[in-house]
1. Within region 28-54, count every residue that is open to solvent by less than 50 Å² (accessible area, probe 1.4 Å) and in contact (Cβ under 8 Å) with a residue 40 or more places away in the chain.
2. Across region 56-93, what is the number of residues that are at pLDDT 95 or above and surrounded by fewer than 12 Cβ atoms within 10 Å (Cβ to Cβ)?
3. What pairs can you find where one residue is in region 82-104 and within 13 Å of residue 46 (Cα to Cα), the other is loosely packed, with under 12 Cβ neighbours inside 10 Å and of a type in the set (D, E, K, R), and their Cβ atoms are less than 7 Å apart, with a gap of 6+ or different chains?
4. Just checking, does region 4-24 include any residue being of a type in the set (Gly, Ala, Ser), assigned to a helix (DSSP H, G or I) and open to solvent by 30 Å² or more (accessible area, probe 1.4 Å)?
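The values are calculated or read from the model by the stated rules, or taken from the named source; none is laboratory data. Since the model is a prediction, treat every value here as computed from it, not as a measurement. Note that each Cβ is placed from the backbone with ideal geometry, even for glycine, and that neighbours are counted across all protein chains shown. When the accessible area is computed, the model is the full protein with side chains, heavy atoms only, and any ligands, DNA or RNA have been set aside. Shrake-Rupley method; radii C 1.70, N 1.55, O 1.52, S 1.80 Å.
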Amino acid sequence: MITRDDLVNRYGEDDIAGLERNIKDPDATATRIADATRYINSYVSDYLPLAAIPSSLKDATALVARYKLFKNKRPDDVNEDYKNLVLWLDKIAAGKLALIDDDGNKIDRTGDFYDTSFRSGAMVV
């Protein structure tokens, strides 16, 4: 899982703090990160558990968490980034793109592509 610090490192303290002020929930960021982690896991469930979480999935989790922190209208670039991420995740889930680790190696699927049952597993970083 990523942390608030990861969001701040990626998007800046002003950006994340501003989004948090609009929500008025002290657990908003942690909740959005947990939601984003579950969302990403749903796309990569055939790869879980992972020995190490690739940076691409950490980045994806940060993007989804920030997207979910917006209370009102999201800027066009945020919507576009999210849309592109979903397209990428769809291709990973369908086996049309490989999931790559940080060393550039293809990560093998651990599950059956056609198995639609829920698999437990968390991205823990």
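1. Count: 14.
2. Total satisfying the criteria: 7.
3. 98/106
4. Here is the first cut: in region 4-24, the ones of a type in the set (Gly, Ala, Ser) are 12, 17-18.
Filter once more, keeping what is assigned to a helix (DSSP H, G or I): 17-18.
Narrowing the set further to residues that are open to solvent by 30 Å² or more (accessible area, probe 1.4 Å) leaves none.
No, region 4-24 contains no residue that is of a type in the set (Gly, Ala, Ser), assigned to a helix (DSSP H, G or I) and open to solvent by 30 Å² or more (accessible area, probe 1.4 Å).
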